[in-house]
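J.: Quick one: structure below, then a few questions.
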Amino acid sequence: MGDRPLSIFQVSGRAMSAQLVRMNTTASNLANAGTVASSQGAAYRTMKPVFRTHFDEVSGMSTVDVESVVTAGAEPTKRYDPGNPMADKDGNVWESNVDETRELVDMMETARSYQNNVEVMQTAKQLIIDTLKLGR
Amino acid sequence: MANEGLFGVHGTALAVRSQRMGMLASNIANASTPGYKARDIDFDAALQSAQRNGGNIDSAIDDATLYRVPLQPSQDGNTVELTTEQTAFAENAVAYQTTLAFLNGRIGTITRALKGE
């Protein structure tokens, strides 16, 4: 990011990007809820972003970055289903273990956070415009 | 008060309000970062200390920056409470606009005096 100090737009903008990554992982998790695979390794696991504060010494402000996206949550469950075309030689399939309630709650929180940051950006923009019009 | 010049206390006030806006924006940006500690500027303290030491705003703000004490601590160590931050941000934005209005009034006065209207 170089040595230039953060602006308030970067603070909110990067937070919005981080929340968008979180929203995307939630979408993937919900889309893959209840999908089956023929081995434990190939089964879908819940994805979660890891947020990390980025502190800017020069401006004293801090924003947030997505450090990584990790798999979390419960292991896929083995289910005996010999009629399933995905079943292995023993007749088992592995079903992804996505907690749909948690994902929906997460989605709502993400949306609220995103909206908050948009609001901050709009207010900051308006105040800067008003400051530029000073004396006119 | 002697070295405050044309705009009196309002120039310093605007700078502190601007810094506080950035800090509150940082808090809102980090609303879901585990372990983040929310901070805020004590406006009165910052303004007084800036006036005392002759308008050095940066050190005044550093001295008046404090960590927020959460009403209800959360499990992940994050001390941002969105209701608190949103209220503070709105209050700060209104106060910023008030300061702008004061500055505009002063500029208008001087302009009229210069034009001799």
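J.: Straight distance only, please: which lysines reach the Cα of A:Lys125 with their own Cα at less than 28 Å, same-chain residues fewer than 8 apart left out?
T.: A:Lys133, B:Lys37
J.: Counting only protein heavy atoms and using a 1.4 Å probe, what share of the accessible area of chain B belongs to carbon plus sulfur, as a whole percent? Write out the running numbers ahead of the final one.
T.: Working: 3490 of 6310 Å².
In chain B, the share of accessible area belonging to carbon and sulfur is 55 percent.
J.: Moving on to the next point. Between 0 and 90 degrees, rounded to the nearest ten: what's the tilt of helix B:10-29 against the longest Cα principal axis of chain B?
T.: 20
J.: Name the residues of segment A:1-36 whose accessible area, probed at 1.4 Å, falls by at least 20 Å² once all protein chains are in place instead of their chain on its own?
T.: With the partner chains in place, segment A:1-36 has these residues losing at least 20 Å²: A:Ile8, A:Val11.
J.: If you don't mind, another one. Tell me whether segment A:1-125 comes out rounded, prolate or oblate; compute the Cα gyration tensor, take square roots of the eigenvalues as a ≥ b ≥ c, and use a/c under 1.5 as the rounded threshold.
T.: Taking the square roots of the gyration eigenvalues as a ≥ b ≥ c, segment A:1-125 is prolate.
J.: A further question follows. Give me the percent of accessible area attributable to carbon and sulfur for chain A, probe 1.4 angstrom.
T.: 55
J.: Non-local amide H neighbours of A:Thr46 (under 5 Å, H modeled in plane, Pro and chain starts lacking H): which ones?
T.: Hits under the 5 Å cutoff: A:Ala72, A:Asn97.
J.: Please list, by residue number, every one of the trypsin sites (Lys or Arg not before Pro) in segment A:57-133 that is coil in DSSP and has at most 11 other beta-carbon atoms within 10 Å.
T.: Details: sites: A:Lys78, A:Arg79, A:Lys89, A:Arg102, A:Arg112, A:Lys125, A:Lys133; in loops: A:Lys89, A:Lys133.
For trypsin sites (Lys or Arg not before Pro) across segment A:57-133 that sit outside H, G, I, E and B with at most 11 neighbouring Cβ atoms in 10 Å, the list reads A:Lys89, A:Lys133.
J.: Can I ask one more? List the residues whose amide H sits under 5 Å from the amide H of B:Val9, counting only those 5 or more places along or on another chain, with H placed 1.01 Å from N in the peptide plane.
T.: none
J.: Still on this structure, please answer the following. Could you sort B:Glu81, A:Glu103, A:Glu57, B:Glu91 by their accessible area in this structure, using a 1.4 Å probe and putting the largest first?
T.: On the way: B:Glu81 40, A:Glu103 0, A:Glu57 150, B:Glu91 95 Å².
The residues order as A:Glu57, B:Glu91, B:Glu81, A:Glu103, largest area first.
J.: So, for segment B:62-117, what is the accessible surface per residue at a probe of 1.4 Å, expressed in square angstrom?
T.: Accessible surface, normalised per residue, equals 67 Å².
J.: To continue, here is another question. Sticking with the crude label model, points 7 Å out along Cα→Cβ, report the distance from A:Lys133 to A:Gln115 in nm, one decimal please.
T.: The two pseudo-label positions are separated by 2.7 nm.
J.: Report, to the nearest 10°, how far helix B:43-52 tilts away from the longest principal axis of the Cα atoms in chain B, using its own Cα long axis and a range of 0 to 90°.
T.: Once rounded, the angle reads 50 degrees.
J.: While we're here: Considering only protein heavy atoms, what per residue accessible area in square angstrom results for chain A with a 1.4 angstrom probe?
T.: On a per-residue basis, chain A sits at 58 Å².
J.: Divide by every residue of chain B the summed helix terms, -39500 (n - 2.57) for each DSSP H run of at least 4, and state the resulting mean residue ellipticity at 222 nm, rounded to the nearest 500 deg cm²/dmol. Walk me through the intermediate numbers first.
T.: On the way: 4 runs with 72 residues, N = 117.
Calculated from helices alone, the mean residue ellipticity at 222 nm is -21000 deg cm²/dmol.
J.: Under Stokes-Einstein, with the Kirkwood radius over Cα pairs standing in for Rh, what whole-number D in µm²/s applies to the protein assembly as shown at 4 °C and 1.567 mPa s?
T.: Calculated translational D: 61 µm²/s.
J.: Is the C-alpha gyration tensor of segment A:20-80 telling us rounded, prolate or oblate? Criteria: a/c under 1.5 is rounded; beyond that, a/b larger than b/c is prolate, otherwise oblate.
T.: Working: a/c = 5.22, a/b = 3.21, b/c = 1.63.
Taking the square roots of the gyration eigenvalues as a ≥ b ≥ c, segment A:20-80 is prolate.
J.: Through the Karplus equation 6.51 cos²θ - 1.76 cosθ + 1.60, θ set to phi - 60°, convert the phi angles of segment A:85-91 into ³J(HN,Hα) values in whole Hz; use x for Gly and Pro.
T.: For segment A:85-91, the Karplus curve yields x, 8, 5, 7, 5, 8, x Hz.
J.: Let me ask another. How big is chain B by the Kirkwood estimate over distinct Cα pairs, in Å?
T.: For chain B, the Kirkwood estimate is 15.8 Å.
J.: Same structure, new question: When the helix-only estimate is applied to chain A (DSSP H runs of n ≥ 4, each -39,500 (n - 2.57), divided by the residue count), what is the mean residue ellipticity at 222 nm, nearest 500 deg cm²/dmol?
T.: -15000 deg cm²/dmol
J.: Right, something else. To the nearest hundred square angstrom, how large is the accessible surface buried between B and A, total for both chains, probe 1.4 angstrom? Don't skip to the answer; put the middle values down first.
T.: Working: alone 7360 and 8890 Å², together 14170 Å².
Chains B and A together bury approximately 2100 Å².
J.: Please give the helix A:100-132 orientation as an angle from the longest Cα principal axis of chain A, in degrees from 0 to 90, rounded to the nearest 10.
T.: Roughly 10 degrees, rounded to the nearest 10.
The values are calculated or read from the model by the stated rules, or taken from the named source; none is laboratory data. Keep in mind that what you see is a predicted model, and the values were worked out from it rather than measured. Cβ sites come from the backbone with ideal geometry, for glycine too, and all protein chains shown count toward neighbours. SASA here: full protein model, heavy atoms, side chains in, ligands and nucleic acids out. Shrake-Rupley method; radii C 1.70, N 1.55, O 1.52, S 1.80 Å.
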